[in-house]
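**Student:** Can you keep this structure in mind? I'll have questions shortly.
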Amino acid sequence: MAIVNTVTKSSVTITAVGAELIAIQKNEPSAPTSVGLGAFDFESNSVVSSGNSFADFLTGRIASYAQTSAIVNITNRYKIFEPYFQDDCMSPNGYLKSGLRVSMFQTNRDKTRTL
């Protein structure tokens, strides 16, 4: 497309028009709970205990173990859309190359809506 300006005798040519669409997904397990991945108990009145909880910890004498199973899988999704155009402007006094790109970011969303 060429537009001729009769006042300054310059011409404008749009050399590139396009768009970029980026779809991103990120699947990951949620962070462990405050208990962590598991909880060990070293009770001094247990059958396997030596009577000293710290010594039981060092020697591996575990009275009981509990693990949480409520680890949620997070499925983040979002899209980025970026239209652009590039422009060349030539005149007897000089040459100007300009362009514009607009980035539109979508809000993050969880596919399973568990968050």
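**Student:** Excluding Arg109 itself, calculate the net charge of residues whose Cβ lies under 12 Å from the Cβ of Arg109, where each Lys or Arg counts +1 and each Asp or Glu counts -1.
**Tutor:** Result for the neighbourhood of Arg109: +4.
**Student:** Would you tally the net charge around Thr75, using a Cβ to Cβ cut-off of less than 13 Å, leaving Thr75 out, and scoring K and R as +1, D and E as -1?
**Tutor:** Values: positive: Lys26, Arg77, Arg109, Lys111, Arg113; negative: Glu28, Asp110.
Once all neighbours under 13 Å are counted, the net charge is +3.
**Student:** Once fully extended, how much extra length lies between Ala66 and Gln86, figured as 0.36 nm per residue of separation less the alpha-carbon to alpha-carbon distance?
**Tutor:** Working it through step by step, the gained length comes to 1.1 nm.
**Student:** So, counting K/R as plus one and D/E as minus one, what does the shell of residues with Cβ under 11 Å around Asn27 add up to?
**Tutor:** +1
Computed from the coordinates by the stated procedures, all read-outs in this text should not be read as laboratory data. Predicted model, so just to flag it, every value in this text is computed and none were measured. Heads up, the Cβs are rebuilt from the backbone with ideal geometry, glycines too, and the neighbour counts pull from every protein chain shown.
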